[in-house]
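Below: one structure, written as structure tokens.
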Amino acid sequence: MKNTKELKTTEYDKKENRFKTIVKRLFNNKLAIVAAVVILAIIVIAILAPYITPYKYDLMDIASKNQGPSLKHFFGTDDLGRDIFSRIMYGGRYSLTIAIIAVLAAILVGIVIGSVSGFFGGMIDNIFMRIMDVFQAIPDLILTIAISAALGSGFDKTVMALAISRIPNFSRILRANVLTVRTQEYVEAAEAIGCSKFRRITKYVLPNAWTPLIVAGTMQIASVMLSLAALSYIGLGIQQPLPEWGSMLSAARGYIRDYPYQLIFPGCAIALCVLCLNLLGDGLRDALDPKLKD
Amino acid sequence: MISEKKRDTLVEIDHLKKYFDVAAGTVHAVDDITMKIDRGETMGIVGESGCGKSTLGRNIIHLQNPTSGNIIFEGKDVTRPDAKELKRLRGEMQIIFQDPYSSLNPRMTVEETIMEPLILTNRVPKEKMDAETKRIMDLVGIARRVRQSYPHELDGGRRQRVGIGRALALDPKFIVCDEPVSALDVSIQAQILNLLMDLQDEQGLTYMFITHDMSVVRHISNNISVMYLGQLVETNETKKLFNYPLHPYTESLLSAIPTIDLDHQHERIKMKGEITSPIDPKPGCRFAARCPYVKEECHQPQKLEEILPRHFVSCCRVRELRKEQIGRAMREFEIERGKNHAKAREGVDNGQ
Amino acid sequence: MDGNEFLEVKDLVVEYTSGGRVIHAVNGISFSLEKGKNLALVGETGAGKTTVAKSILRILPDPQGVIKNGSITFENQNLLKLNGSEMRKVRGKKISMVFQDPMTALNPVKTVGYQITEVIRKHDLIAKKDAIEQAKKMLEMVGIPGERYYEYPHQFSGGMKQRVVIAMALANKPDLLLADEPTTALDVTIQAQVLEMMSNLKETLGTSIILITHDLGIVAKECDIVAVVYAGEIVEYGDKESVFRNPAHPYTKGLFGAIPDLHSNARRLANIEGLPPDPSEPLTGCCFHPRCKYATDKCAANKPELMEITPGHLCRCFQSAN
């Protein structure tokens, strides 16, 4: 009797849904969930800003300028009489949006460079990585400033500058993973059944190499936000009257002794976002960790 | 003189060499291997770690390019195929990997993995792909329930079945089995070995079965080639290899195998020292450093000699060390040949 | 099981908790060992054999691994009742363990000699010079030249690393050695060397060995008593001759049938259908009944006890009594 037919077995291979497992693990991490909720809230507030802010962000009321926090203006007013609370709420549109778009763009380019470099190796790898080396030899912020200065200020130019400065980081991470995955037997097996190089990269290597980018990406959004704040602070990036948190800090820097609240609120907004993004990134990394795969 | 039964050689390997350059020098991973594998048979390749058996398998399947030598498939030289020829060869020569845990793409379901080869070639038209995938899964015994599962949800034995199914999907003639059961538990090993043998009978497959486990290779192979540090030391029919191993390494290897038969516990034949390095090896027999019978001439390059029909040994001292066994084998062979002559004559008399 | 035993394990129950699930690794294992004898714990992956060994040494992962019940009596002491420092005196001195993978058992940044010396000095107040001498002697005993004391693990091959590990384990001349698949990762010729060496050491030092393995061939050569473990229970137990010549439990019979042995000529291997049970789901009835050819309703409903078939040969199966 051949035993090649269906086995009479006592298997316990329940159809475990991998996605559900990851989500479940994430939910066990209370801190990460709180952080995610906060980020979500900031995003929702930013989206709904035009409808829910007490004042328009550019509404100037010189008579009420430089007033501290009060019932009328929760966070006080700046030196042009604009309501800081409203501007903080609006600010998410710029700070978070720019950061997210920049990181996404950097990830996309990083994936292409990293996978080509890691998969083919040799001269191509050498050239790409040496170019990345040059970029990474310059401190992050200085590099960003230099590119931004070259491109100019404004929404899209700033996004580009920030994205370019992060590409080396992502391409390195992806390349490292590609190098590991490329040597796995299932990639060899794909070659043995006649799989083209392109298909091997896209169907076999990348899907198994890109997950660390989720975590790295989340963390980078925070870092990019800080860079953006720095850019705006020194006059590049996003400029007044747009309520980008960094430029709000910049405008108020002369008043640090007299009206500290003008710096505290935008500063806290940035800090809160960065903290939550880092916590979320940590949580995602723990949830995706294959070691927990029993 | 009546000639022997005509051979139907499917795969022939001729003086195959594969060298790798590493920082410390050149690794002679596969060094001058020659063998013939007939259609429908299983050629076992045995040896311990570092002997080059896996490298040999991968070179034959064109996952690596040999440094020199030839691979001949169905009479045609396929050592360096062009893209079109390579595509055709993929449909004829396949491989099953050792580790069921790393040879399947974690992001593809069982069904997707088996359908992939069908998608890549045009062996069956698109409409028939689904049905063909189901047929293959039935053939290798994958329960319907797990066809949408991912590899990490399955146990080793099932994963290996998927690997076998994938290799079969292209309907190959020749399959290199690279330690296919070494990573499995004993009871699962038996299931998979039985499956491989059944498939061979049903589909007329030819196997190159690579393993370090002598008991397994004895069970499944018709012929066995023993490798040591990249060199081929002995090739013979399975039963004969086990009954009278000629090469000193083969003899040591066999004596080291533990057996569960309480009445046949044997003493192992000791080899001196440790295995030598495959990097820039000195000429001559690589086993000389550990051989209990080593002499001066062993350090000269050795030749693979056909001591008896289809029995090859690479040892300069074999005739003097094994006089008795060779004599016995010779006599056995004569008797066999006599019987074959008689049968053939009968055939002639009966007008065939 | 008479009063000569110097190790007695009784009704051992061990559980692991992992992510909310409870894994019943060991479900009531009892056995005993006389001084000077070798016991083999045979079974496949997940049967619970390593857990038993780790329980004896009390090195289960904390807090996931818990000994829920049972006693482990060694030289008239219940090991489970000892406190931390008392247990530390036992480990490495009275009972040692050798693990499967020699590659990861050694500290790569310390010389092999130092690692042996460390073990010696942990248990004995002797001068460093003397400890080094002893360590070198241990190396010689396992077939490694004493001068290699000063070399690092990466300078040794797999087989030699395992010998160093064995030297470490035997440095304090323990009474009991737990060897968990000590040769599985080694080539067959090296395996033979290492096993032979362990045998000789057993003779010289009088150490008893509990050998954990899935390879019945090794058991045939090295061990006196065999315990077949399945799903956390001992399903068959007896001296080597009885178990090998008259395997009584269907699982044992299946294991023997599934091995392609050098001296058998069967074409197809008699294999065991199915898979081992999920240790996180408690089973009713006999642990093997879902895969057993001879299973009856009685087997599915009731759990068999270990029954004596012939003196000293026990089997956990309703059918075997016949």
Conditions (1) on the phi < 0 side of the Ramachandran plot; (2) modelled with pLDDT under 90; (3) in contact with a Lys or Arg (Cβ under 6 Å, 6 or more places away or on another chain): number failed by C:Val229: (2)
Have a look at C:Phe256, C:Phe288 and point out the one that is crowded, with 19+ Cβ neighbours inside 10 Å and among the aromatic types (Phe, Trp, Tyr). C:Phe288
Filtered residues of region A:194-216 (kept if within 12 Å of chain B (Cβ to nearest Cβ), more than 24 Å from B:Gln94 (Cβ to Cβ) and not aromatic (Phe, Trp, Tyr)): A:Leu206, A:Ala209, A:Thr211
What are the residues in region B:51-95 that are charged (D, E, K, R) and either assigned to a loop (DSSP other than H, G, I, E, B) or touching an Asp or Glu at 6+ places or on another chain (Cβ under 7 Å) (or both), if any? B:Glu74, B:Arg80, B:Asp82, B:Glu92
Is one or more of the residues making up region C:188-201 farther than 23 Å from C:Arg91 by Cβ and away from chain B (no Cβ under 14 Å)? no
If B:Pro258 satisfies all but one of (1) in contact (Cβ under 8 Å) with a residue 12 or more places away in the chain; (2) touching a helix residue (DSSP H, G or I) at 6+ places or on another chain (Cβ under 7 Å), what's the number of the condition it fails? (1)
Looking at (1) among the hydrophobic types (A, V, I, L, M, F, W, C); (2) at pLDDT below 85; (3) crowded, with 17+ Cβ neighbours inside 10 Å, find the lone condition where B:Val216 falls short. (2)
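Restricting attention to helices (runs of 4 or more DSSP H) lying wholly within region A:194-294, give those where 2 or more residues are modelled with pLDDT of 85 or more, among the hydroxyl-bearing types (Ser, Thr, Tyr) and buried (at least 19 other Cβ atoms within 10 Å of the Cβ).
By residue number, A:211-233.
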Any residue in region B:96-106 that is part of a loop (DSSP other than H, G, I, E, B), in contact (Cβ under 8 Å) with a residue 12 or more places away in the chain and acidic (Asp, Glu)? yes
Residues that are surrounded by 14 or more Cβ atoms within 10 Å (Cβ to Cβ) and not in a helix (DSSP H, G or I), drawn from region A:20-55: A:Asn29, A:Thr53, A:Tyr55
Can you find a residue in region C:109-129 that is of a type in the set (D, E, K, R) and under 30 Å from B:Cys51 (Cβ atoms)? no
Say whether the condition of being closer than 19 Å to B:Asp261 by Cα and hydroxyl-bearing (Ser, Thr, Tyr) is met by at least one residue in region C:226-242. yes
Selection from region A:175-193 of residues surrounded by fewer than 20 Cβ atoms within 10 Å (Cβ to Cβ) and either of a type in the set (Phe, Trp, Tyr) or more than 10 Å from every other protein chain (Cβ to nearest Cβ) (or both) yields A:Ala176, A:Leu179, A:Thr180
Please go through region A:48-85 and pick out each residue that is touching a residue at least 24 places away in the same chain (Cβ under 8 Å) and closer than 21 Å to A:Cys276 by Cα. A:Ala49, A:Phe85
Within region B:88-97, restricting attention to residues that are surrounded by 22 or more Cβ atoms within 10 Å (Cβ to Cβ) and more than 7 Å from chain A (Cβ to nearest Cβ), which residue is nearest to the chain's Cα centre (by Cα)? B:Ile96
Of all residues in region C:278-322 being more than 27 Å from the chain's Cα centre (by Cα), outside any loop (DSSP other than H, G, I, E, B) and charged (D, E, K, R), which is farthest from the other protein chains (Cβ to nearest Cβ)? C:Lys298
In region B:119-166, what count of residues is obtained for those that are among the hydrophobic types (A, V, I, L, M, F, W, C), facing chain A (nearest Cβ under 8 Å) and closer than 24 Å to B:Asp178 by Cα? 4
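The values are calculated or read from the model by the stated rules, or taken from the named source; none is laboratory data. Computed from a prediction, not measured in an experiment: that's the story for all the values here. Every residue, glycine as well, gets a Cβ built from its backbone with ideal geometry; the counts of neighbours run over all protein chains shown.
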